[in-house]
Amino acid sequence: MKPDQFNNLSKDQILDQYTVGPYIVTILSTSDRSFHNMYTYSSILELSPSLKGIFYLTVQHLVSSGESISSLLFDQILADKIETAKLFIKNTKIQLSNDIIQKLAELSTFKSMNLEKLFPFLLDENIEEIFLDSLSSPIYLDHRKWGRCLTDTYLSERELESFITLIRANSGYRLDTTNPSLKTELITKRFHVRVSLDIHPLVVDKVHLDIRKVRRKVFTLPELIANGTISPDICAYVYFCLLRRRNITVTGEPGAGKTTLINAFDILTPPDWRKITIEDVIESIPQLKYGKHQVRFKVEPYEEGEKKYSKSSEIIKLLHRSPDYIYLGEIQTKEHSKAMFHALSAGLTGLQTCHSAGPEDLLLRWLFHHKIPIIAFQSLDIIIHTKRIKINGKYVRRIIRVCELDMPKKVKFNLNLHEIRIIDIFKWNPATDIHEQYFDDLYNTPTIQKIRKYEKLDKKQFYNEIEMLYNIFKILAERKIFDVTKIVKFFDYINRVHAKWRRREADLEQILSKFFKANIVV
């Protein structure tokens, strides 16, 4: 759509409107409903043209006195420039409210760094991913509520070069003709993004940019239940297994919510566990502030050429770091998979994410592409398949299947693929948008049978605990108790008194009332 057509859209085509920092974002429908919605933004400069004079003066002041991008951390540069701009505006003695001064300072800072066209997208928490196919095409994006949206924003070569300089300086990675791909992250107090950048000669049309937003707000399991992603009974079963340190693999296509899900479970692990994470882009939740024992390692991305710290080598080194539970972000390559199964076969367990179209595809990928022996699959416990789908015109994420592998009871080193089968424990019903239990007796699932080898767990005790966990998750979701600090402290509390609620000697309502009314959570 051309800019003049875009600007002439009538008010009855406005789908949504909200404020993001110094911008007002508007989502518009197109005349042809078969095409994408349109995403546009305006600033206080469009609303109050009289501010443009002080705006350009402030930009000139910042350009003449500012630090270079490479000399400091980007977040510090941003903060310093905004403060400098605010002081300059105040010294002009023009009567403006503090809110207008703040917004003008931010806009001036973004403009002085040649990043003013990207900042609305970076700041908007509703945006999930930002795409640029080439310099001659506009930015388009995936919106959390409105799906794929077009924009009328084009980047100039100078603007794109400013962003590339920022990313290279912030990451320390190469980006040139011999290494034309760069994958890194940019973390500030205002946003956290994963950036994938490709240039010529790899890209025919000079450049490709993909910016994946990492949501700053942490999703808790009760919130995921409330929005339909997962159900209380799935939460209860998987959490029961997690407390026994079973291995949990989350798989799905890009953007399916894999990391969101494992973070929601990972945050609820008991506080005495020693946890170690290995990621090339940090998406795990920092948990030291919640009283957890957590060590996080950042390795060089797959796109980087010669590596000092590879994911595969660091996974293998986990064996000498004594973790109680591990967190592996994005098992991508043959080397990653071999290292993961090496760690699992040595007795380590934890959470990991892998890309695939589904559990069957994941096993085939491991078996045929990564050459993992079938016998190694016995180290796997729960496999969860997540997917991003469209329901009633809106994009949502759903747990599609919770699966386990039915392996031969006796160890066979010459296993054939037909000797194992994938068992569905829970499945999502697209007709009803409800998660249903598919395995009749949870007490006899392959993973629970493994647990029973080492824990005295009679059937009544098992179902008592599952029922109690189900009710806890259900009540927290119904009462909209989503705050991560409250959720973490509550589960730490119930894990301390788990012996009583396993035997159902404690009333759940009393536990909830005693915990929250006693102001244990601040």
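The values are calculated or read from the model by the stated rules, or taken from the named source; none is laboratory data. What you see is a predicted model, and the numbers here were worked out from it, not measured in a lab. Here the Cβ positions follow ideal geometry from the backbone for every residue, glycine too, while neighbour counts run over all protein chains shown.
Looking at (1) touching a Lys or Arg at 6+ places or on another chain (Cβ under 7 Å); (2) under 24 Å from Pro373 (Cα atoms), which is the one condition that is false for Thr249?
Among (1) touching a Lys or Arg at 6+ places or on another chain (Cβ under 7 Å); (2) under 24 Å from Pro373 (Cα atoms), the lone unmet condition for Thr249 is (1).
When region 159-183 is examined, which residues are found to be touching a residue at least 40 places away in the same chain (Cβ under 8 Å), farther than 21 Å from Glu116 by Cα and either of a type in the set (D, E, K, R) or in contact with a helix residue (DSSP H, G or I) (Cβ under 7 Å, 6 or more places away or on another chain) (or both)?
Hits for region 159-183 are Arg174, Leu182, Lys183.
Is it true that some residue in region 174-186 is part of a loop (DSSP other than H, G, I, E, B), within 27 Å of Phe265 (Cβ to Cβ) and β-branched (Val, Ile, Thr)? It would help to see each step written out before you state the result.
So the first thing to find is which residues in region 174-186 are part of a loop (DSSP other than H, G, I, E, B), and the list is 174-175, 177-178, 180.
The next check asks that each one be within 27 Å of Phe265 (Cβ to Cβ); those that pass are none.
The answer is no, given that none of the residues of region 174-186 is part of a loop (DSSP other than H, G, I, E, B), within 27 Å of Phe265 (Cβ to Cβ) and β-branched (Val, Ile, Thr).
Just wondering, is there one or more residues in region 301-324 that are of a type in the set (Ser, Thr, Tyr), at pLDDT 90 or above and either surrounded by 20 or more Cβ atoms within 10 Å (Cβ to Cβ) or over 26 Å from His385 (Cβ atoms) (or both)? Write out each step before concluding.
Let us first name the residues in region 301-324 that are of a type in the set (Ser, Thr, Tyr), namely 302, 309-310, 312-313, 322.
So of that shortlist, the ones also at pLDDT 90 or above come out as none.
No, region 301-324 contains no residue that is of a type in the set (Ser, Thr, Tyr), at pLDDT 90 or above and either surrounded by 20 or more Cβ atoms within 10 Å (Cβ to Cβ) or over 26 Å from His385 (Cβ atoms) (or both).
It is to be established whether one or more residues within region 374-393 are out of contact with any helix residue (DSSP H, G or I) (no Cβ under 7 Å at 6 or more places or on another chain) and at positive phi.
Yes.
What number goes with the only condition from (1) in contact with a helix residue (DSSP H, G or I) (Cβ under 7 Å, 6 or more places away or on another chain); (2) within 30 Å of Thr485 (Cα to Cα) that Leu123 does not pass?
Exception for Leu123: condition (1).
Scan region 326-356 for residues that are among the aromatic types (Phe, Trp, Tyr) and either over 17 Å from the mean Cα position of the chain (by Cα) or at pLDDT below 90 (or both) and jot them down.
First, pick out the residues of region 326-356 that are among the aromatic types (Phe, Trp, Tyr): 327, 341.
Residue satisfying the conditions is Phe341 alone.
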